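This report concerns only the one structure given below.
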Amino acid sequence: MPAFQAKDAKQIGEVIAWAAAEEQPLEVRAGGSKRALGRPMQTEHVLDISALSGITEYEAPELVLTAGAATPLAEIDAALAQKNQMIAFEPADWRHLLGADGTKPTIGGVLACNLSGPRRIKAGAARDHFLGFQAVNGRGELFKAGGKVVKNVTGYDLNKLYAGAYGTLGVLTEVTIKVLPKPETVRTVLVPCLEDTTAIEVLTEGLNSPHEVSGAAYLPPNITRRSQAGTVAQSQGGVALLRVEGPEPSTAYRSEQLTDMLGRYGPAALLGESETERLWEALRDVRLLAEPPDRYVWRLSVTPSRGASVACDIARSVDAEYLLDWGGGLIWVSISATAPDAGADAVRTAVRTHGGGHATLVRAPENVRAAVSVFEPLPGPLAALTARVKEGFDPRRILNPGRMYAGI
Amino acid sequence: MVAMPAPDQAVLTRREEIIAALRQIVPGEGVIDTVPERRAYETDGLTAYRQLPMVVVLPSTTDQVSQVLRYCQQNNVKVVPRGAGTSLSGGALPLEDGVLLGMAKFNRILEIDIPNRCAVVQPGVTNLGITTAVQDQGFYYAPDPSSQIACTIGGNIAENSGGVHCLKYGLTTNNVLGIEVVLMNGEIVRLGGKYFDPPGYDLMGVLTGSEGLLGVVTEVTVRLTRKAPTARAILLGFPTSEEGGKCVADIIAAGIIPGGMEMMDKPAIHAAEDFVHAGYPLDVEALLIVELDGPAPEVDHLIAKVEEIAARNGAVTSRTSRNEEERQLFWAGRKAAFPAVGRISPDYYCMDGTIPRKALPLVLARMREMSERYGLGVANVFHAGDGNLHPLIMYDANKPGELERTEEFGADILRLCVEVGGVLTGEHGVGVEKRDLMDSMFNETDLAQQQRLKCAFDPNGLLNPGKVFPKLHRCAELGRVHVHRGQLGFPDLPRF
Ligand SMILES: Cc1cc2nc3c(=O)[nH]c(=O)nc-3n(C[C@H](O)[C@H](O)[C@H](O)COP(=O)(O)OP(=O)(O)OC[C@H]3O[C@@H](n4cnc5c(N)ncnc54)[C@H](O)[C@@H]3O)c2cc1C
C-alpha cells in the first residue's frame, strides 16, 4: 500500500487537504503497533507520521512533557526515568497480544486509543493525563487545543475527545501530557481465593480501605498455573492481588495492614519488588491470556461488584477463560476460536444483564473484526450525535474511516 | 464590559405565548415570570454583570427538561442553564430574550453505592452535600471548590471545577463516571455509568468543562474517595517568592505530591492574618501551606522530608501542625483569604489564570508593576502545586471608571499568563468574563474547530450563547468544505 511519509505537520496538512478534495481515505500510522486493533479499513493510502518524533519540552518539576505525536513510548519512558518520573496511567503494551512484536508504540497511539493499565483505578487513563495537542483536522487545517499546564479549563476539553477516538477526528502532531513521580517502592499482597465472588469481596475490601490500593486483580486457578511470577504460580488456586505503592515506610505499613485485614480469607503472602513488577506488567499487557494466539480476546469495562457475575455468565455460554482487574471492573476474556460471532452475543448479553458497561473485541482475525462489532454498539441518539461530531472534525470521512464504527 | 448577543425581537414579542407554552410543560410554581422573582436570577458570582431573564423555568424531571429544550429549539428561544449561580466567570448570566433553566429542584441523591465507590445524584445536589451523605462511611467526594457549600455538582461539571486537593485527587473530570444529558433537540443521552471510560467518543469528557453550551446535565454518577486516616500541614514562610517557588519545585522533584499546596503573597497574608489571626508570619513575602495526607507512617515520613527541603530553600518560618486544631488554623487564613480581602477593600475582583510554576516570580513582579500603573492593589493566592493563580484586584465600584480599570488590569494579568506559557483560566471558566480574551490564546482556526463541536450538539446556537466564544458563527458557515481540487501539492513528499 502506498504511504505518504510526512516530515512535519505542514505536510500532513497538505496530504489531508488533498485527500479531502479527492475523497481518498487515509490510514493514519505512526509506530504501527496497534494496526490489528479496531475494525479493518478500506483505505488506499497510508499517512505515515513517524517522522514527528522527539521530546520538545520536559521540565520535571512542572509535571509536564511535550513531544511529537510519533515519539516512541520507550524514549519518553527513558527520559522520565532519569528524573524518577513516569506516565502514571501505566499504558498497556499489547504488541504481543496483537502479534506486533518488534514495532514501536508511540505516545500519540497510546493517547488515541485511550490506553491505561492496572493503575486506572487510582491514577486514571490516558484521557486523564492528556493536557494539550496540535492536530490536523479532516480539512487539512492545523489547530491546537488545551494547554501546556496541568490545570486548564480554557475552551472545550478536546483532549478528552481525541483520547479514544482512534485517529478518526484528526491527526495528532504534538501532544502534551501530565507526568508524575515514580513511587519509591511497590508491594503486592496476595490472598488465596477459591471462588470468584470471594475474590470480589477481597478486592472491594482492599479498595475501600484507606490504604490507597493501586492495583486490584483476580486470577482464577487456571490462570495462576500459567503465571511466571513464582508465588502466584505456586499458589494452588485462584489469587486476589492488591498492589500498594509509595515511600518505603508507607508501603511496609499498608501492606502489613492489608495482610492483617484480609488474613481471614486465607494465608496472605507478600510479594517483593521485582516479582510485583513482573506480575503487574504481565497483567497490564494481558500476557496470561495471549496464548494460544487463535483465541478471541475481549476487554470488558463493567460495574466492579458485578465483574465475577459477568465473567461466570460468559463462561457458562461459551468456552472462555478470564481474569479480573480494577477490582472487578475490568474483565479480560479469551474465547475459543470456534465460538460463533467471536462470542459477541454471550459477552454483550452478560454485560447488559449486570448493570451495563461495554465490551471491545481486542483480538480477532480481520474477517471477524469486519463482521462483529469490535466496539460497543451505540444507542440511536448517541450514534447520531457521534456521527455529527465526526462531521465537525472530518466532514469528508477520510481519517481512519470505519475504524471504530461504520460511517465514522 | 463584554456585550451579549442582541436580543431576538421576535421572541420578545411572543413572550406571553412562550410563557404559556412553558407552563404547559412545567406546571405550577415551576415557571416564574414576575419581575421581583426573576430578579433573584439576574446575576451569578460575577456580580458586575446583571441581566433580568425573560422567564425562569424550574423543571423537576428529565422529561420536563427534554420538553422545554425541544420547545425552545422549535421556537428559536435561547436557554441558559443554572445551578447555584456561583460561577465567577458569568457562565450563568441570563439573557434578555432567554429562558433561565434553574436546576435547583434536581436536588436528590439517588443512590449511594459504597461497594462500587460511587454515588448517583441529581445535578442540583451541592458539592458538599455529596460528601455529607457519605462521610459516615469514611468516604468523600474529592474535588472541593471553596464554594462547595453552595455550588452544585451540575455546575461543577459544566465548569470542570477544582479545589485545593485537585493536584493529588484530580478535578471534576477525573472524578465523574457517568452523566445523563439532555440535548437542545430534547434527546436524552446517557454517557458512562458505574464503570470506567464510556464507549465511543468520550463525550462525557468533553461535556465536562463545556460551560453549559453543549447540553443540560440531569444526572451524575461520581466517584467516591476513601478519606485519608491522617492529615498534617506545614506552614512555611519565605523572604522571597523565588525561594517559595523553588521549595515547591523541590518538593515535587523529590517525588512528593502533597494533598494540598497553597501559596499566598504578602498582601494576602496580611489581609488573612488581620481577619482570622491564624498566626501567619507578617514579615515574609511568601507563605506556603503544604498538607500531606495518607496513613500516619507515610505522613510522618513525608513531613520530615518537606521540612528538610524547606530549610534548604531558606524558609524563615517552619511550623508543623501537631494536632487537628492546629492544622485547621493553618488553613483558616487561606480559606478566608477572599472575604479577608473583601474586608480591606470595598470590592474585589477574583482572577484565575494558570502559569508554568517556574514563571511565578516573573509574573508577580510584572503584576506589581501593573498594580502601580493602574493604581489598584492586588493580593495573590496561588494553588502552588498546579500553577493556578488567583490574583484578587481591589477596587471600589462606586468610584467612576474603577470597575473598567479593574477589568483592564485583570485582562492584562491573563494575557501575561498566556505570554509566559500558561492559560486564561484554570478552574473558573471563560464565561462572559474572559470571552473576548480567547483570541490571545487561540487563533481563528482553533476557535472555529471548537465551535464545530458545538454545532454537533446545538446547531442553532441556542444553548447559553454569548459565552466562551468571542464571535458567533453560523453552523452552516462553519460546516462548509472548501474544496481545492487539483494536483497533489507536495511533489517532494516521498511515497512508497
Ligand atoms: C466564593 C467562591 C469560591 C469559589 N471557589 C472555587 C474554587 O475553589 N474552585 C473552582 O473551581 N471554582 C470556584 N468557584 C466558582 C464556582 O463555584 C464553580 O464554577 C461552580 O462549579 C459553579 O457551580 P454552580 O452550581 O454555582 O453553577 P452556576 O454558577 O449556576 O453555573 C455555572 C455554569 O454551569 C452551567 N450549568 C449549571 N448547571 C448545569 C447543568 N445541570 N447542566 C448544564 N450546565 C449547567 C451554567 O450554565 C453555567 O455556565 C467559586 C465561587 C465562589 C463564589
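The values are calculated or read from the model by the stated rules, or taken from the named source; none is laboratory data. Only a predicted model underlies this, so the values are computations on that prediction, with no experimental measurement involved. Reconstructed Cβ throughout: ideal geometry from the backbone, glycine too, with neighbour counts over all protein chains shown. Side chains are part of the model used for accessible areas, which takes the heavy atoms of the whole protein and leaves out ligands, DNA and RNA. Shrake-Rupley method; radii C 1.70, N 1.55, O 1.52, S 1.80 Å.
Structure values in brief
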| read-out | value |
| --- | --- |
| Partner chain coverage, peptide A:45-53 - average Cβ within 10 angstrom | 1 |
| Taking the C-alpha atoms of region A:185-284, convex hull volume expressed per residue in Å³ | 80 |
| Bins of 5 Å, starting at 0 and running to the largest distance - Cα pair percent for region B:109-226 | 2, 13, 24, 27, 20, 9, 3, 1, 0 |
| Hydrodynamic radius by Kirkwood, which averages 1/r over all alpha carbon pairs of chain B, in angstrom | 24.1 |
| Surface/4 of the Cα convex hull for region A:9-117, nm² | 7.8 |
| Rounded if a/c under 1.5, otherwise prolate or oblate - region B:7-102, Cα gyration tensor axes | prolate |
| When the convex hull of its Cα atoms is projected in every direction, mean area for region B:21-165 (nm²) | 9.5 |
| All lysines inside 22 Å of residue A:7 as judged from Cα atoms, apart from same-chain residues fewer than 8 positions distant | A:34, A:104, A:144 |
| Anchor residue B:246: lysines whose Cα lies under 21 Å away (excluding residues fewer than 8 positions away in-chain) | A:83, A:148, A:151, A:178, A:182, B:168, B:266, B:305, B:358 |
| For region A:341-383, alpha-carbon Rg and Dmax in angstrom | 10.9, 31 |
| Estimated FRET transfer efficiency when R0 is 56 angstrom, pair residue B:50-residue A:236 (beta carbons, to 0.05) | 0.20 |
| For the protein assembly as shown, cysteines whose Cβ has no other cysteine Cβ within reach (under 4.7 Å) | A:113, A:193, A:312, B:72, B:118, B:151, B:166, B:247, B:350, B:417 |
| Accessible area of the protein assembly as shown divided out per residue, in Å², using a probe of 1.4 angstrom | 35 |
| Inter-chain Cβ neighbour average for residues B:455-463, partner chain, 10 Å | 2 |
| Long-range tail of P(r) for region A:313-385 (Cα pairs > 19 Å, %) | 36 |
| Region A:82-229 - convex hull of alpha carbons, volume per residue in Å³ | 173 |
| For region A:44-67 and region B:170-204, distance of Cα centres in Å | 29 |
| Cα convex hull of region A:355-408, projected area averaged across orientations, nm² | 4.5 |
| Reference-scaled alpha-carbon Rg (2.2 N^0.38 Å with N residues) for chain A | 0.99 |
| Local electrostatic count, residue B:411, Cβ distance below 10 Å [Lys/Arg +1, Asp/Glu -1] | -3 |
| Using alpha-carbon coordinates, inclination of helix B:266-276 to the longest axis of chain B, degrees | 90 |
| With Cα atoms, 0 to 90° folded angle of helix A:248-262 axis to chain A main axis | 60 |
| Spatial separation of Cα centroids for region B:279-308 and region A:348-406, in angstrom | 49 |
| Full-extension gain in nm, residue B:344 to residue B:107, via 0.36 nm per residue minus C-alpha separation | 81.7 nm |
| Rounded percent of accessible protein surface that carbon and sulfur make up, region B:133-204, 1.4 Å probe | 51 |
| With 20 Å bins from 0: P(r) over the protein assembly as shown, alpha-carbon pairs, percent | 15, 47, 34, 4, 0 |
| Simple Cβ-charge dipole of the protein assembly as shown, Lys/Arg +1 and Asp/Glu -1, about Cα centre, in debye nearest 20 | 1460 |
| Expected-Rg normalisation [2.2 N^0.38 Å, Cα atoms] applied to region B:230-429 | 1.01 |
| Cross-link reach list, lysines versus residue B:105, counting only Cα pairs under 22 Å and skipping chain neighbours closer than eight places | B:78 |
| Within-11-Å neighbourhood charge of residue A:27 [Cβ basis; K, R +1; D, E -1] | +1 |
| Neighbouring partner chain Cβ atoms per residue of A:381-387, average, 10 Å criterion | 6 |
